[in-house]
1. Select from segment 7-39 the residues that are surrounded by fewer than 17 Cβ atoms within 10 Å (Cβ to Cβ), assigned to a strand (DSSP E or B) and not β-branched (Val, Ile, Thr) and list them in ascending order.
2. Going by the conditions given, is Ala135 without any contact (Cβ under 8 Å) to a residue 12 or more places away in the chain, over 16 Å from Arg193 (Cα atoms) and either outside any helix (DSSP H, G or I) or open to solvent by less than 70 Å² (accessible area, probe 1.4 Å) (or both)?
3. When you look at Trp166, is it open to solvent by 10 Å² or more (accessible area, probe 1.4 Å), more than 21 Å from Asp43 (Cβ to Cβ), touching a helix residue (DSSP H, G or I) at 6+ places or on another chain (Cβ under 6 Å) and among the aromatic types (Phe, Trp, Tyr), yes or no?
4. For Trp178, state whether it is part of a loop (DSSP other than H, G, I, E, B) and among the aromatic types (Phe, Trp, Tyr).
5. When segment 120-132 is examined, which residues are found to be free of Cβ contacts under 8 Å to residues at least 24 places away in the same chain, in a strand (DSSP E or B) and not basic (Lys, Arg)?
6. Six or more apart or on different chains, Cβ under 6 Å: which pairs go from a residue in segment 10-34 that's within 11 Å of Leu80 (Cβ to Cβ) to one that's open to solvent by 50 Å² or more (accessible area, probe 1.4 Å) and assigned to a strand (DSSP E or B)? Could you list them?
7. All but one of (1) assigned to a loop (DSSP other than H, G, I, E, B); (2) surrounded by 12 or more Cβ atoms within 10 Å (Cβ to Cβ); (3) at pLDDT 75 or above hold for Leu184, so report the exception by its number.
Amino acid sequence: LGGKRVGGFAAGRWHLMGYSSLGLMAWTPEGWETVVAPEAQRDLWDGRLRDEAGVNALVGLVDADGTLLAVVNDGQVFALEEGAWVRRAEADDALWKRRMWAHVAWDPEARRVVAWGGEVRGRRSNDVLLLDLEAGAWRKARARSPQPRAYGRPKDEGSVTQQLVWDHGLGALLRIGWEEAAVLEGEVFQPARPAGMAERNARDWRAVASD
């Protein structure tokens, strides 16, 4: 799978996908097993998983109600169906602009893939992009979200990082940062600052999850 990998949970299993191909592994009680070999499905890969600098542009893996999706930074989306990848959305370079480090998540209420942020040509983005999986088309949110407070900090600080997670208790998609959170209301991330959140968080990298 190469040196860098992206992990995701779907259909009751953890998965790992490399940056340089559609190769995929899944965790089993016996250990990691190959689901899609790295050299397989070259007809789908066709080089578009790499940006102009030759760096692979896989954004992330998403669990869409039990179906594993792989999202690429040119807008391509692949679904794992019966052990093989099927393209569910074509590239949209005009909208995605080869953005790196965007965050992606599944919104089960609206049945859509949500992408937020990332960097476009080295500048941080606050865009919210939405994918209707049935139509296979991305669009930008109709209203702009307030900018995270962390965007006023240097990019190399751990406190700048944000993550998207579906909160099962709230029934809402959250964007979690170091000192604030935001709830996706319709198509806009509305910020909130839970009491004590900044004081209890270290200025470091960390992961969030919802049980």
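The values are calculated or read from the model by the stated rules, or taken from the named source; none is laboratory data. Model, not experiment: these values are computed from the prediction. Note that we place each Cβ from the backbone using ideal geometry, even for glycine, and neighbour counts take in every protein chain shown. Note: areas computed on protein heavy atoms with side chains; ligands, DNA, RNA excluded. Shrake-Rupley method; radii C 1.70, N 1.55, O 1.52, S 1.80 Å.
1. Of everything in segment 7-39, those that are surrounded by fewer than 17 Cβ atoms within 10 Å (Cβ to Cβ), assigned to a strand (DSSP E or B) and not β-branched (Val, Ile, Thr) turn out to be Gly7, Phe9, Arg13, Trp14, Trp27, Gly31, Trp32, Glu33.
2. When the stated conditions are applied, Ala135 passes them.
3. no
4. Considered against the rule, which asks whether it is part of a loop (DSSP other than H, G, I, E, B) and among the aromatic types (Phe, Trp, Tyr), Trp178 comes out as yes.
5. Val120, Asp132
6. Partner pairs satisfying both residue conditions: Ala10/Asp63; Arg13/Trp27; Ala26/Arg13; Ala26/Glu33.
7. Status for Leu184: all satisfied but (1).
Rundown of residues vs (1) assigned to a loop (DSSP other than H, G, I, E, B); (2) at pLDDT below 90, yes/no style:
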residue: Val113; (1), (2): no, no
residue: Arg144; (1), (2): yes, no
residue: Tyr151; (1), (2): no, yes
residue: Lys155; (1), (2): yes, yes
residue: Ser159; (1), (2): no, yes
residue: Val165; (1), (2): no, no
residue: Leu174; (1), (2): no, no
residue: Pro194; (1), (2): yes, yes
residue: Glu199; (1), (2): no, yes
